[in-house]
Amino acid sequence: AMLTTYQSYLTGSLFGLILTLACCRSSDGSLSESAPVVVDNGPDAETFKVDVWADNWSAMYIEETRVMEDSVAITTERSFNRESFSFTATRPFQVNIIMKDFKENDSGLEYIGSQKQQMGDGGYIAQIKLAQSNDVVLVSNETWRCLTLHTAPLDKSCEEDPSPLESCEWEIIDEPSNWKATDYDDSNWSYATVYSESTVSPKDGYDEVNWHASAQLIWGADLESHNTVLCRVLLE
């Protein structure tokens, strides 16, 4: 069955624009420091430093507060940049991720009509450190709970079809309401699938980060056909 209720997550909001301007690059092209996004500034609040890399796009929320959105839009065909930023919050809190691979349309394919027409493949890695001590307190791994919202193509044999919207089928589900809340029941979500560097082939910014040995590249269960994935993890 072909589900067509696809919800976009590109908001274009003022807050996203502020994050893009604040967290990204200085005039010489280097990554610049910015003030932490304040999620909570109570007496037990701590400041955390974060590194993420995604193929192609991701956003991070602490509970409902967006603390990072990829500075390169998902409409950019090739975008493998890393993002480094910080936020202030009080543990425990829920870390919520939206990750997307580039696709031209609901067929899930890219470079449509060219000799390079293909399914894309994703990949995501993150690490969170305490700003004061530089101790790693959270990394992406197989314990994260994830839900795939857009799966395409369902039958990979349509990959080379010149009219993929006619021959490919896809499945799209709505973003669950209140999924960012700490008390949301994600027990029916799958655990993240871990992939090797050789499978994901990370590039363009990935090597700029000294990743902790325990940080792993993750995605949905299928690196090629899972195109939009939500993930959740509690930082205690």
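A few points about this structure:
- Dipole of the chain [Lys/Arg +1, Asp/Glu -1 at C-beta], most positive-end residue of Ile62, Thr47, Tyr111: Thr47
- Basic side chains Lys and Arg get +1 at the Cβ, acidic Asp and Glu get -1 at the Cβ, and with that the dipole of the range 77-175 about its Cα centre reaches some 820 debye.
- Dipole magnitude for the chain: about 580 debye, using +1 per Lys or Arg Cβ and -1 per Asp or Glu Cβ, origin at the Cα centre.
- Computed [θ] at 222 nm, helices only, for the chain once each DSSP H run of length n ≥ 4 contributes -39500 (n - 2.57): -1500 deg cm²/dmol
- Extreme residue, positive dipole direction of the range 153-213, given options Pro162, Val209, Tyr191 (C-beta unit charges): Val209
- Length-normalised contact order of the range 125-229 in % [C-alpha pairs under 8 Å, at least 6 apart]: 40
- Anchor Lys49: aspartates and glutamates whose Cα lies under 12 Å away (excluding residues fewer than 8 positions away in-chain): Glu33, Glu83, Asp135
- Taking all protein chains into account, the per residue accessible area for the chain stands at 47 Å² (1.4 Å probe).
- Relative contact order of the chain: 26 percent, from C-alpha pairs under 8 Å at least 6 residues apart in sequence.
- Tilt relative to the chain, helix 14-23 - C-alpha long axis, 0 to 90 degrees, to 10: 70
- Summarising the amide proton neighbourhood of Trp144: residues at separation of 5 or more, or on other chains, whose placed amide H is nearer than 5 Å comprise Ala192.
- For Ser114, the shell of other residues with beta-carbons less than 14 Å away shows a net charge of -4, using +1 for Lys and Arg and -1 for Asp and Glu.
- Within the range 112-209, the trypsin sites (Lys or Arg not before Pro) that combine a DSSP coil assignment with at most 16 other C-beta atoms in a 10 angstrom radius are Lys116, Lys203.
The values are calculated or read from the model by the stated rules, or taken from the named source; none is laboratory data. None of these values were measured; they are calculated from a predicted model. Positions of Cβ are backbone-derived with ideal geometry, glycine not excepted, and every protein chain shown enters the neighbour counts. In case anyone asks, the SASA skips ligands and DNA or RNA and just uses the protein heavy atoms, side chains included. Shrake-Rupley method; radii C 1.70, N 1.55, O 1.52, S 1.80 Å.
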